[in-house]
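Enquirer: Structure incoming, see below.
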Amino acid sequence: MALGAITLARFGWNTSTAYFTSNIGARLPPIVFTEQINQSLLATILGARGGAPVGNPLFDPFFLGAALVLVAGTAWLVRRLGERHSDHGLALLFPCALLVYPAALAHYSVLLVLPLLHLWRGRGEAAGGPSATIFVISATCSLGWVAGGYRTLLSNLLLWCWLAWQARYLIASGGHSEQARDVTGSPRMRPADAR
């Protein structure tokens, strides 16, 4: 509330209300949504269909459907993860936001550093083991930062899928990562258990 009051005092009523009433998507030229550097889900859908439709591209039914499924799935996973694994839920939100935000430029993927560091920190307890996690981190970086950043959507999608799979693992294990499991679901022995 305090920040809202400060913003209102600093920028005035017209500017503050324009943030809510003036749709930026309606004011942008259609090329913004189909440029190669735009690596959002909307840009990919519009590019696959040959360009932006007449009118506001934000109301594209394929985009709205895909975004709804992605956001609802992410929200469900974050809710099920609960407070115990809120860090994993937060990591899951970053690639989701980059996929759904309609003007996600390739260089915005620097935001994936936080989820990647989260994966690196938990690589020993991850479903699939440390090797699989290291592979996903390497693939995410390779897809996101080669070819001029024009494979960033794949990078974001790969990271979201991996984090979602890890979230399902955490939910299925009751939120306890003390009993780590491999890809098949069998308990993995830790070095301390082998003694």
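Enquirer: Determine, for ASP60, ASP87, the number of other Cβ atoms within 10 Å of each Cβ, and report the residues in order from fewest to most. Working shown, then result.
Expert: Details: ASP60 21, ASP87 14.
Sorted ascending by nearby Cβ count, the order is ASP87, ASP60.
Enquirer: Using the Cα gyration tensor of the range 1-141, with a ≥ b ≥ c the square roots of its eigenvalues, what is the shape: rounded (a/c below 1.5), prolate (a/b larger than b/c) or oblate (neither)?
Expert: On the way: a/c = 2.19, a/b = 1.38, b/c = 1.59.
Cα axes put the range 1-141 in the oblate bin.
Enquirer: Related question: What ranking do 116-123, 151-158 get when scored by the average of other Cβ atoms within 10 Å per residue, highest first?
Expert: Working: 116-123: 16.2, 151-158: 21.4.
In decreasing order of mean packing, 116-123, 151-158 become 151-158, 116-123.
Since every read-out is calculated from the coordinates, none of them should be taken as a lab result. Quantities reported herein were computed from a predicted structural model and do not represent experimental measurements. Backbone-built Cβ (ideal geometry, glycine too); neighbour counts: all protein chains shown.
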